[in-house]
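Data first, discussion second: the structure below is written as structure tokens.
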Amino acid sequence: MISYIFFILLLASAAWCALHIIIADFHRRIIPDAYLFPLMLTGLLLIAFYSFPLDLRTAAIGATFGYALSAIVGFVFDSIIRRRTPDAIPPIGMGDIKLIGVGGLWLGTSGLALALVVACISGAIWARINHQKFIPFAPFFILGGILSLITNLFLL
């Protein structure tokens, strides 16, 4: 009984952190570590004690892959943009890179791929409709992560 309550509390704290990440990215275009690290810790606790949503090996591979892939993409974009305009704002920040790493922890490599595709498509549609130049990535990535998690748990 206590195990189920702890499980529900961990899921509720993950949802709380994700909600605050979404709000912060929409309003301030920043992903605070104060919410990102508890989300990562919550995922590690769920994986360690409940093997939810993945086993530890798959989660470690997903987190490493997500962080490395997004860091490489961020470095390439940053070097291309800084070459053209030295004082430009980079298109992908360290918060986005860390968020994708945490997403890999929660989703694994296959779930991360689905979440990134959903995030990119929904973010592009949102930017097109609202005529936005800058897109807050975290809300769309978290939406893609939730859809990917539901897909992995119930459909696969």
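Structure above, values below:
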{"read-out": "Extent along principal axes [Cα atoms of the chain; Å; largest to smallest]", "value": "58, 31, 29"}
{"read-out": "Helix-only mean residue ellipticity at 222 nm for the chain, each DSSP H run of n ≥ 4 adding -39500 (n - 2.57), per residue, nearest 500", "value": "-28500 deg cm²/dmol"}
{"read-out": "Span-like helix ranges in the chain, DSSP H, alpha carbon extent 15 angstrom or more, Kyte mean at least 1.6", "value": "2-28, 33-50, 137-150"}
{"read-out": "Protection proxy ranking of 72-82, 141-151, 25-35 - average other beta-carbon atoms within 10 Å, highest first", "value": "141-151, 25-35, 72-82"}
{"read-out": "Distance (nanometres) between label positions extended 7 Å along Cα→Cβ at LEU19 and LEU56", "value": "3.2"}
{"read-out": "Charge-dipole axis of the range 2-155 as Lys and Arg at +1 and Asp and Glu at -1 on Cβ define it, positive-most pick from LEU114, THR151, PHE52", "value": "LEU114"}
{"read-out": "Gain in span if fully extended, LEU45 to THR109, counting 0.36 nm per residue against the direct Cα distance", "value": "21.1 nm"}
{"read-out": "Backbone N under 15 Å from the THR151 label point (7 Å along Cα→Cβ), restricted to the range 115-136", "value": "115-123"}
{"read-out": "Footprinting exposure proxy for SER70, SER122 (fewest neighbouring C-beta atoms within 10 Å first)", "value": "SER122, SER70"}
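No lab work stands behind these numbers, since they all come straight from the coordinates. Since the structure is predicted, the reported quantities are computational estimates derived from the model, not experimental observations. With ideal geometry, Cβ positions are generated from the backbone for all residues, glycine too; neighbour counts draw on all protein chains shown.
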